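**Student:** Got a structure here, written out as C-alpha cells. Questions coming.
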Amino acid sequence: TWDIFEQDNPEYEFKQAALDPRWPPNKADDVEVGIINKFQADPELDHQSDIIERDGQPYYYRATPRLAKKGCLRCHGDPDTAPKDQIEIYDAEAGYHWKEGDVTATFVVYIPLGKSLAEARSNSALLLAIGSCGLLVTLLGIWFFLYRGVVSPLVNLSSRTEEISLGRGL
C-alpha cells in the first residue's frame, strides 16, 4: 500500500524504525530512538506526533509502537531456534532476543510541511490584502456618505446662516 501511495507522493516517508533491525535502512535515527524510548517508558502511550526538522525541512510525524507478540518470537527470539534460512539471509546478529510485550520498533510516517506552510503564508498574505482593500473601500464609502449627507449640508447651512446674519441673500 505504501509503495502505491509513494508513487504519487514521493516527498512523504514511511519507516519501520527499530533499535536493532535486520535490514539496515530500518535503523532508528536519534529522533526515532527517542520515540521508541518514550513508548518503552509508557506502555499506555498508543501514538506520538510532533513537528520536527529533517534535512533542514519541517515535517509532521506520527508514530505508533510495534510490540513483540508471541508469534514474533519464533523468528526474533533466540537466534538458535530461528529458521535456518533466515540466519543465512540476515545472519544471527541483529533483530533477536525480543521479549513478548516489548516495544521493539515504531511505524513512523513523515509528512513534509514546506509546501503547506508556504501555501498558508501565501493565503494569509492574500487574505490580508483582500481584507485591507475591503476595509479601505468601506472607509471611503463611509467618508463619502458622511461628507455628502452630513458635512456638506452643515457647511452649506453654516454659510447660508452667515449670509442671512449679514443681511445678504434675504
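**Student:** Among 23, 83, 67, whose Cα sits farthest toward the positive end of the charge dipole of the chain (+1 at Cβ of Lys/Arg, -1 at Cβ of Asp/Glu, about the Cα centre)?
**Tutor:** Most positive-ward Cα: 67.
**Student:** Most mobile of 138, 81, 104 per a Gaussian network model of the chain (Cα springs, under 10 Å)?
**Tutor:** 138
**Student:** If you place +1 on the Cβ of every Lys and Arg and -1 on the Cβ of every Asp and Glu, how big does the dipole about the Cα centre of region 68-111 come out, in debye to the nearest 20?
**Tutor:** Magnitude of the dipole: close to 280 debye.
**Student:** Let me ask you something else. Restricting to lysines 8 or more places apart or on different chains, can you count the pairs in region 29-170 with Cα atoms under 23 Å from each other?
**Tutor:** 8
**Student:** ³J(HN,Hα) across region 16-24 via Karplus (A = 6.51, B = -1.76, C = 1.60, θ = phi - 60°), whole Hz, x for Gly/Pro?
**Tutor:** Those phi angles translate into 9, 6, 9, 6, 9, x, 6, 9, x Hz.
**Student:** Along Cα→Cβ, 7 Å out, is where each label goes; now give me the distance between the ones at residue 53 and residue 155 in nm to one decimal.
**Tutor:** Output for this residue pair reads 5.8 nm.
**Student:** Take each complete run of DSSP H in the chain, measure how far its Cα atoms stretch along the helix's own axis, and keep only those covering 30 Å or more with mean Kyte-Doolittle hydropathy at least 1.0; list them.
**Tutor:** Qualifying helices, which must be both long enough and hydrophobic enough, are 114-146.
**Student:** So, R0 is 30 Å and r is the distance between the beta-carbons of residue 117 and residue 37; what FRET efficiency does that work out to, to 0.05?
**Tutor:** 0.55
**Student:** Rule-of-thumb check for region 74-170: C-alpha Rg over 2.2 N^0.38 Å?
**Tutor:** Relative to the rule-of-thumb radius for its length, region 74-170 sits at 3.26.
**Student:** Which one, 31, 137, 103, has the greatest fluctuation when you compute a Gaussian network model over the chain with C-alpha springs under 10 angstrom?
**Tutor:** Taking springs between Cα atoms under 10 Å, the residue moving most is 137.
**Student:** Report the label-to-label distance for residue 132 and residue 44 in nanometres (one decimal), using points 7 Å from each Cα along the Cα→Cβ vector.
**Tutor:** Placing both labels 7 Å along Cα→Cβ, they lie 5.0 nm apart.
**Student:** Dipole magnitude of the chain about its Cα centre, charges +1 at Lys/Arg Cβ and -1 at Asp/Glu Cβ only, in debye to the nearest 20?
**Tutor:** The dipole magnitude comes to about 1240 debye.
**Student:** With a 1.4 Å probe and every protein chain kept in, tell me what percent of the accessible surface of region 1-153 is carbon plus sulfur.
**Tutor:** 59
**Student:** Which of these, 14, 107, 144, has the largest mean-square fluctuation under a Gaussian network model of the chain (Cα springs below 10 Å)?
**Tutor:** The residue with the greatest mean-square fluctuation here is 144.
**Student:** Can you compute the modelled spin-label distance between residue 165 and residue 27, with each label point 7 Å from Cα toward Cβ, in nm?
**Tutor:** Calculated label separation equals 9.5 nm.
**Student:** Hand me the GluC sites (Glu not before Pro) from region 45-149 located in a DSSP loop with no more than 11 other Cβ atoms within 10 Å, in residue order please.
**Tutor:** 93
**Student:** Just to confirm, what accessible area per residue do you get for the chain at 1.4 Å probe, in whole Å²?
**Tutor:** 73
The values are calculated or read from the model by the stated rules, or taken from the named source; none is laboratory data. These numbers were taken from a predicted model, which means no experiment stands behind them. A quick note on method: Cβ atoms are made from the backbone with ideal geometry, for glycine too, and the neighbour counts reach across all protein chains shown. Side chains included, ligands, DNA and RNA excluded: accessible areas come from the protein's heavy atoms. Shrake-Rupley method; radii C 1.70, N 1.55, O 1.52, S 1.80 Å.
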